[in-house]
Structure formats: C-alpha cells, structure tokens
Amino acid sequence: MYSIGKLAKLNNITVRTLRYYDEIGLLKPTRVDESGHRYYDSQAALILHNIILLKEIGFELETIHEILANQVKSTKELLHMRLQIIKVEKEQLIESEERIRKILRLMEVEGTNDWEPIFKTFLQPKNNEKLLKEIRKNYFTKDELKIIEKLPRMGSDDKLALKWEELIKDIKCNLHKDPASKKAQELASRWLNLVETMYKGNWELAQKVWKIYRNKEEDLGFYDFGSEIIRFIGKAQTYYFGQKQAGDFDE
C-alpha cells in the first residue's frame, strides 16, 4: 500500500492532484482509514501511471475517464485515438487562424480597431449563411445566384478580394479629392473593371445588386463600403460616364 503522499512523490505529482482525481471519480483510493487518510494498492498505482501517460500524449481528463471506464488497454488503439483528436484540433486551429487573419485584414481595410462589427458582419456561422441564401432567392434568378455565390469574400485570399481591399484603401486615402480629378477617375475606372470581372460582364445583375445595396432594401450579406465611399465613387462615375448614363450610380 502507498500513502497518498508517497504515491504522489513517486509519480512527481501533488497530493492535491490525487485528491482531485478522487473527487471526480478518476482514481479512487483503495482504502480510506478512520482518520480519512487515503491509501493506494499496486493496481491503483498502475491506473495512475496510465492516467499520467494519457495526459502526456494530450488526452483531457474527461476523455481519460471514459477510456478507463471502457477498459481500453491497447496502446496502439489509444495512440490512434489521439491522432484522430489531433487531426480535428489541427483543423479547428487552421479555421481559427483563417478567421483571425480575415478579421485583421478587414480591420486594416476599415481602418478600425473595433473587431466586433466586422466579426458579426463578415464571419457569419453556417446557419446564417443558409438564411442568406434563402433571402437571396427572393431577389435573384438561379443563373444570377450562381454568379453571386462565387463573388469574392472580403478578407479571403481570393485575387479579386485582394484587389477590392487595395482599391477601398486607395479610395479612403483620396476621399478629399475632386470626383472629377484624374485620381478619382482612375479609381472609378478600377472600380468598374472589378465589377465587370466580378459579375462576368453581367452589368444588369451588377446594377440590380447596386440598387438593392444602395436602397438598403435588405441585408443580403454584401460588403458594406460605407456612405463616404458610395458618395465618392458615385460622383466619380457620374463624371466618368457623363450625366445621362450616370443615373444608376448617382447617390
């Protein structure tokens, strides 16, 4: 028999840890005397050795409890289990990394340190994405939806998304310029070229999306450029097209 102190010392853990294992039912002492002192036999010591080993290869205590309860004894089986868990954890970490990078990129584009609005707007959970698809069906045909579903997502590594981010930052740096200036006209030209590429030359669909977005009929999950950019690019395009052709882009 090992006293709780001796067993703790032999395994380089604390008495407090062994007491906690007892509390959660992970490792019960073999005997508790009248004074409340805990004692462990060789079988309990072996179980503790397995607990320590399982912890070292990364299993959580709850999982270890299940493993011991189901009497899983094969080391090979345990290692395969741990590899599967690591695989899932790696996938979750990669997804988290991508989300964080996306937030940071969009914060840079927006010129803000407030991440919450960006998180809520652009990193919607999957159930919200399904809801957006249902809402979009009320506005667009099947052929139009095929194009819309392939639109670049701001914050992604898509080449078009990167060009949009660069353009938005350039526009924000030039909001003070005259919309008829050479720089503003260059920005308007870049905007229109990106729209043409993004919508596969379907200007009717591009105008349809613009009107819905401009009139704020409903949130369809598109990037919010902000009122300043909309005003600026609208006026710049007025000069770009001429008064007669600019009506759809005017504020």
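Could you work out which residue, out of GLU60, GLU165, GLU110, moves most in a Gaussian network model of the chain, that is, has the largest mean-square fluctuation with Cα springs under 10 Å?
Maximum fluctuation in the GNM of the chain, among the listed residues, is at GLU60.
Report the percentage of all Cα-Cα pairs in the stretch 156-223 whose separation exceeds 17 Å, rounded to a whole percent.
Above the 17 Å cut-off, the stretch 156-223 has 53 percent of its Cα pairs.
Treating the chain as a set of equal point scatterers at the Cα positions, no solvent, please give the Debye-formula log₁₀ I(q)/I(0) at q = 0.08 Å⁻¹.
Those come out to -0.56, one per q.
How far apart, in nm, are the 7 Å Cα→Cβ label points at LYS142 and LYS172?
So the label points at LYS142 and LYS172 sit 4.1 nm apart.
Please sort through the DSSP H helices of the chain and keep those with an alpha-carbon extent of at least 20 Å along the long axis and a Kyte-Doolittle average not below -1.0.
Qualifying helices: 42-56, 75-110, 159-173, 182-198, 227-241.
Binning at 5 angstrom from zero up to the longest distance, how are the C-alpha pair distances of the stretch 124-245 distributed in percent?
Binned Cα distances yield the sequence 2, 10, 19, 23, 21, 15, 7, 3, 1.
Which order do THR17, THR141, THR238 fall in if you start with the one that has the fewest other Cβ atoms within 10 Å?
Sorted ascending by nearby Cβ count, the order is THR141, THR17, THR238.
Label SER42 and VAL88 with points 7 Å out from Cα along Cα→Cβ: what is the distance between them in nm?
So the two model labels end up 3.7 nm from each other.
Would you work out the charge dipole size for the stretch 2-69 about its Cα centre, treating the Cβ of every Lys and Arg as +1 and the Cβ of every Asp and Glu as -1, and quote it to the nearest 20 debye?
300 debye
Would you work out the charge dipole size for the chain about its Cα centre, treating the Cβ of every Lys and Arg as +1 and the Cβ of every Asp and Glu as -1, and quote it to the nearest 20 debye?
For this selection, approximately 380 debye.
Order by neighbour count: SER35, SER3, SER96, fewest other Cβ atoms within 10 Å first, most last.
Numbers: SER35 5, SER3 14, SER96 10.
Ascending number of Cβ neighbours within 10 Å: SER35, SER96, SER3.
Using label points projected 7 Å from each Cα along Cα→Cβ, tell me how many nm separate LEU131 and ARG231, to one decimal.
Reported label-point gap for LEU131 and ARG231 is 3.2 nm.
If I take R0 = 41 Å and measure r between the Cβ atoms of SER181 and GLU62 in this structure, what FRET efficiency does the formula 1/(1 + (r/R0)^6) give, to the nearest 0.05?
According to the calculation, E is roughly 0.05.
What ranking of MET154, MET107 emerges when the number of other C-beta atoms within 10 Å of each C-beta is taken as an exposure proxy, fewest first?
Least to most surrounded, the residues fall as MET107, MET154.
Throughout, read-outs are computed from the coordinates displayed, never taken from laboratory work. This one's a predicted model, so the numbers in the text were calculated from it and none came from an experiment. Note: ideal-geometry Cβ built from the backbone for every residue, glycine included; neighbour counts use all protein chains shown.
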